[in-house]
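Chemist: Sharing a structure, written as structure tokens. Questions coming.
Computed from the coordinates by the stated procedures, all read-outs in this text should not be read as laboratory data. This structure is a prediction, so every number in the text was calculated from the model and none was measured. Cβ sites come from the backbone with ideal geometry, for glycine too, and all protein chains shown count toward neighbours.
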Amino acid sequence: KAGVTQTPRYLIKTRGQQVTLSCSPISGHRSVSWYQQTPGQGLQFLFEYFSETQRNKGNFPGRFSGRQFSNSRSEMNVSTLELGDSALYLCASSPRTVHNEQFFGPGTRLTVL
Amino acid sequence: QQQVKQSPQSLIVQKGGISIINCAYENTAFDYFPWYQQFPGKGPALLIAIRPDVSEKKEGRFTISFNKSAKQFSLHIMDSQPGDSATYFCAARRGADGLTFGKGTHLIIQP
């Protein structure tokens, strides 16, 4: 079974731009969660989608948004990029929400200049 | 507010030794406690997980010890090998919430 795939793997943007990251979960998995990983703050939960609905949201500003499609693929969008948004963005999938182990993708490394 | 505190930040262990990483949590509503292993350039991978109704869980060389009254849990890696060198994260979850991670421990196993 193929793992979680994320595209692109690397991205360079400038302040003020917006960016869209993509995640394809493991086949059959319907829950997709997004996390931000930085050296200073570590791994922080952004949001979770299940059946095309946002189920949970972490403590991030409204510039961070996401969506999920009917095939469970998910995208996250960051608008008006700030230098502090430079991070590794990780997507994790699980068969369903609540009490399931999460399988992480390799991440998208975003650099904001 | 850091809800899951992990220590030490870095750890060096000789090959064949026991690696021990500790975590403490504050929220008594947490009901799922996983440990993840991350290699450079890769996403975290689930190693082992425990629920609060169990005090210990062992899978191969990896053991979680859980102390509910002290609100602490730890990861023990027996017979540590150079291939175990990685960053380890403890985490906690309440119900359907997202995972709350510790800051990570950079483990080096010296040959």
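Chemist: Would you mind pulling out the separation of the Cα centroids of the stretch A:3-22 and the stretch B:56-111, in Å?
Modeler: Going from one Cα centre to the other spans 30 Å.
Chemist: Okay, next question. Which order do A:V78, B:V13, B:V4 fall in if you start with the one that has the fewest other Cβ atoms within 10 Å? Can you show the working numbers first?
Modeler: Working: A:V78 25, B:V13 18, B:V4 22.
Placing the least packed residue first, the sequence is B:V13, B:V4, A:V78.
Chemist: How high is the relative contact order of chain A, given as a whole-number percent (alpha carbon pairs under 8 Å, six or more residues apart)?
Modeler: 36
Chemist: Next up: If I model a spin label as a point 7 Å beyond the Cα along the Cα-Cβ vector, how far apart are those points for B:T87 and B:N22 in nm?
Modeler: Spacing of the two 7 Å Cα→Cβ label points: 2.3 nm.
Chemist: Could you tell me what fraction of 2.2 N^0.38 Å the Cα radius of gyration of the stretch B:1-99 comes to, as a two-decimal ratio?
Modeler: Computed over Cα atoms of the stretch B:1-99, the ratio equals 1.05.
Chemist: Using a simple charge model, +1 on the beta-carbon of Lys and Arg, -1 on the beta-carbon of Asp and Glu, nothing else, what dipole does the protein assembly as shown show about its Cα centre, in debye to the nearest 20?
Modeler: Here the size comes out at about 240 debye.
Chemist: Name the residues whose placed amide hydrogens come within less than 5 Å of the amide hydrogen of A:R55, ignoring near sequence neighbours (fewer than 5 apart) on the same chain.
Modeler: Those lying under 5 Å, H to H, from A:R55 are A:E48, A:Y49, A:F50.
Chemist: On a C-alpha basis, how far is the centre of the stretch A:60-111 from the centre of the stretch B:1-53 in Å? Whole number, if you could?
Modeler: Cα centroid of the stretch A:60-111 versus Cα centroid of the stretch B:1-53: 22 Å apart.
Chemist: Something else about it: To the nearest 20 debye, what is the magnitude of the charge dipole of the stretch B:15-111 about its Cα centre, counting +1 on the Cβ of each Lys and Arg and -1 on the Cβ of each Asp and Glu?
Modeler: Dipole size: approximately 60 debye.
Chemist: If you don't mind, there's one more thing I want to ask. Using a simple charge model, +1 on the beta-carbon of Lys and Arg, -1 on the beta-carbon of Asp and Glu, nothing else, what dipole does chain A show about its Cα centre, in debye to the nearest 20?
Modeler: Roughly 140 debye for chain A.
Chemist: Between B:Q72 and A:S86, what is the label-to-label distance in nm when each label sits 7 Å out along the Cα-to-Cβ direction?
Modeler: Each label point is offset 7 Å from its Cα along the Cβ direction, giving 3.8 nm.
Chemist: While we're looking at this one, here's another question. Going by how many other Cβ atoms sit within 10 Å of their own, how do B:S65, A:S74 line up, fewest first?
Modeler: Exposure proxy ranking, most exposed first: B:S65, A:S74.
Chemist: Explain nothing, just the number: relative contact order of chain B, from Cα pairs under 8 Å at least 6 residues apart, as a whole percent.
Modeler: On the way: 275 pairs, mean separation 41.1, N = 111.
Averaging sequence separation for qualifying contacts and normalising by length gives 37 percent for chain B.
Chemist: Okay, moving on. For each of A:M76, B:M78, count neighbouring Cβ atoms within 10 Å of the residue's Cβ, then give the residues from fewest to most. All intermediate terms of the calculation are to be shown ahead of the outcome.
Modeler: Numbers: A:M76 22, B:M78 13.
The order, fewest Cβ neighbours first, is B:M78, A:M76.
Chemist: Can you tell which of B:S80, B:L99, B:G60 lies farthest toward the positive end of the dipole of the stretch B:38-111, using +1 and -1 charges on the Cβ of basic and acidic side chains (Lys, Arg; Asp, Glu)?
Modeler: Sorting the options by dipole projection puts first B:L99.
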